[in-house]
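Data block below; observations after.
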Amino acid sequence: MTKAETDILFQLKNVSYTYTAVNTPPFAALKNINLTVRKGEFIAVIGPSGSGKSTLMHLLGIMADPTGGELLVKGQPAENYSADGKAVLRNSFIGFLFQQFFLLPQLTVLENILLPSEYQAAQEVHRIGEKRAFEMIGRFGLTGQEYKKPANLSGGQRQRVALCRALIMNPEVLLCDEPTGALDSQTAKEVLNTLAELHAGGRTIVVITHDPEVARRAHRIVRIADGQIISDSIQSKGADYDHVPQLPIQNGTAGAPTTARAEHVARVLRHMFVPTWQALQTQRLRTALTMTGLLLGVSSVFIMLTLTGRVSQIFEDFFATQGSRKAFVSFDGRLAERTGAPRWRGLNVITDLPKLNAQLKPLGRLDPNVETGGCKILSPSANIQGSLTGLNSLQEVRENDLRIATGRLPLPHEFESGNPNRIAVLGSDAALKLFPEKAAGEEGGNHSPAGQNIIVRGCEFEGILRVVGVVKPVDSLFDRDVNSTIYLPATTLLAGGSSIYKTHFTAVPSAGISPTGFAKHVIGKLSVMTANQFPFRYFAAENELEKFNLMMGILTGLTLVIGGLCTLIGGIGVMNIMLVNVHERVQEIGIRKAVGARERHIRWQFLLESTGLCLISGCLGLAVGIAASTAAFFVARMFLPQVENLSFTPDPVAISVALSVSLGAGLVFGTWPARKAAALDVVEALKQE
């Protein structure tokens, strides 16, 4: 390729451009244009309004594609460049100076100038860009204006800011659309001097204008009328070219700071969220209502996951004390009566039960229910009717969650056969009835019943028992009189006259074994031992727990559905706000695309904005959920003080799910608005007010 060919930056070959719109006749803005732009030229394209000048600029700026003919950019057909490739060219190869300035009002002077650098990936480019921005601020007389918003600047200052932005990436070509059209004569003269100075430095400049003074400064004048080039002439040299008055050059900010990566990311995010936040503030009621839907959805999801999880754990712990990890096996007397089977005397707990437990050992153990009821129990100050329950071991005491209030529990040797000590531990109600003056175990009581004797008469067991302790109150779903029970070692009860043949047993499975499955296995063993003569039945509290969990699952599911609907409604509201936001910021999107933003930049910008809005709603919903859960548990403790572990603890899973719902809503419902924003045409977007 020859040097003359490499000097060609743009070449238009029989290029036409026709505007088409619905219900509007096509309009040919350009007709068979042939134009070549070379490096270092200063070209003025002049003509009356509506002649096609701006359309020509859009084509040269790769913001529009010809509808006919061929446009070459740096020797390559424009159609060969992808959308991202064109954005890269607009970012670094071409600088734009628009008549309307097109500064983003929410950004400062410095941020507007640096806007093209936001779409460069390399961090070093950002640092150089900021240093260069401060230099240009000083060069073009903007020192002291760095952190002002465009609304606080004069027209000339805004034009200089726009010029700094156009030059920040050091482009080869500067395209200017009516650069003096909105300026007073003095400011217009300064702008023209600046363009002449830039051209003197080797910059290629194409100016779209109808101002003869602007054309006088150019070396080449292209006249256009009715969409066609009617003349293309070279001036010997631009007027006053050799005597360009220099702009007053001020020193930029000394030691202008460079931007660290974290600061750069923060600035980019601020640029993304500030416009949305400002747009949302203009419609506060709409925003509040939209956020409320998502807030309620997230809070309801969090509350139900937290409450159901915590309540389920509390109930599981409670059912554990009621035997949810056990099963109860017994002779089925009713079935025996219906089938004519004989009554079962029971299993000998002295000789037969140890043999059966030896067979069951890998899977669990079988404890006999050694108890007797209808006993008359006497103390020095009262007598009651009650029952005696035998404890087989300290392990059974722990499994039944019997906790001492005063005194002590039985000692290990007191469970052994032949132990002479006849001791008893009183249930809380039994202690109050037998020893009311002791106020058993209650705060303010003077003494404990421990050390006192009670007498048992009128049942299988008769004799004197020495009280060694009182257990704390026990909650039970299956035995309302559990706190009136008197506990003693099973060996003591058997030695005192209780039958050694038992028909009711507690099946305690090993870890990982289902109580129901173990109970069925025990029944099979008992059937074999009794030659299948007797029917047996079982009861497993885990079945009741499963029913409770099913009920809680249904309730949770219904609430989550409601929460999901609230989230859906809130998400649709967020989508609506984002669509309105896109509509209100069309020109901003066009500006960003014109300075080099690619479709993915715009898409991610609006996607991050919708996600940020949803995460704010989610965090507020999380706060509401935590407050509501804390209040619920506080009220519950007032009415259920006996449930010691009834307290609120934030559930990490519930928090993660709530935030994930918010994040998901932002991504899902922000996708369409983001894609719509990214797909906007640059030229059409810039036309919007």
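The values are calculated or read from the model by the stated rules, or taken from the named source; none is laboratory data. Remember, predicted model here, so these are calculated numbers, not experimental data. FYI the Cβ positions are ideal-geometry reconstructions off the backbone, even for glycines, and counts take in every protein chain you see.
Numbers below:
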read-out	value
Matching residues in region 110-162 - criterion: being in a loop (DSSP other than H, G, I, E, B) and modelled with pLDDT of 90 or more	Leu114, Leu142, Thr143, Gly144, Gln145, Glu146, Tyr147, Lys148, Lys149, Leu153
1 or more residues closer than 18 Å to Ser300 by Cα and free of Cβ contacts under 8 Å to residues at least 12 places away in the same chain: qualifying helices (runs of 4 or more DSSP H) within region 597-689	599-639, 652-678
Within region 584-596, tally of residues that are in a helix (DSSP H, G or I) and either at pLDDT 90 or above or in the same structural domain as Ser92 (by TED's automatic domain parsing) (or both)	9
Verdict on Glu399 being surrounded by 14 or more Cβ atoms within 10 Å (Cβ to Cβ) and farther than 20 Å from Ser499 by Cβ	yes
Region 200-219, subset surrounded by 17 or more Cβ atoms within 10 Å (Cβ to Cβ) and under 53 Å from the mean Cα position of the chain (by Cα), residue farthest from Ser233 (Cα to Cα)	Arg203
Only listed residue being within 57 Å of the chain's Cα centre (by Cα) and closer than 22 Å to Ser498 by Cα, chosen from Pro368, Pro362	Pro368
Residue in region 85-99 that is without any contact (Cβ under 8 Å) to a residue 24 or more places away in the chain, in contact with a Leu (Cβ under 8 Å, 6 or more places away or on another chain) and within 26 Å of Leu30 (Cβ to Cβ) present	no
Candidate set from region 173-213 (those that are under 19 Å from Ala133 (Cβ atoms) and part of a loop (DSSP other than H, G, I, E, B)); member that is modelled with the lowest pLDDT	Gly201
Residues being in a loop (DSSP other than H, G, I, E, B) and either acidic (Asp, Glu) or touching a strand residue (DSSP E or B) at 6+ places or on another chain (Cβ under 9 Å) (or both) - total across region 327-369	8
Selected residue (criterion: modelled with the lowest pLDDT) from residues of region 529-547 that are more than 13 Å from Gly517 (Cα to Cα), hydrophobic (A, V, I, L, M, F, W, C) and surrounded by 17 or more Cβ atoms within 10 Å (Cβ to Cβ)	Leu545
Residue ranges of strands (runs of 3 or more DSSP E) in region 1-109 with at least 2 members within 48 Å of the chain's Cα centre (by Cα)	8-21, 68-73, 94-97
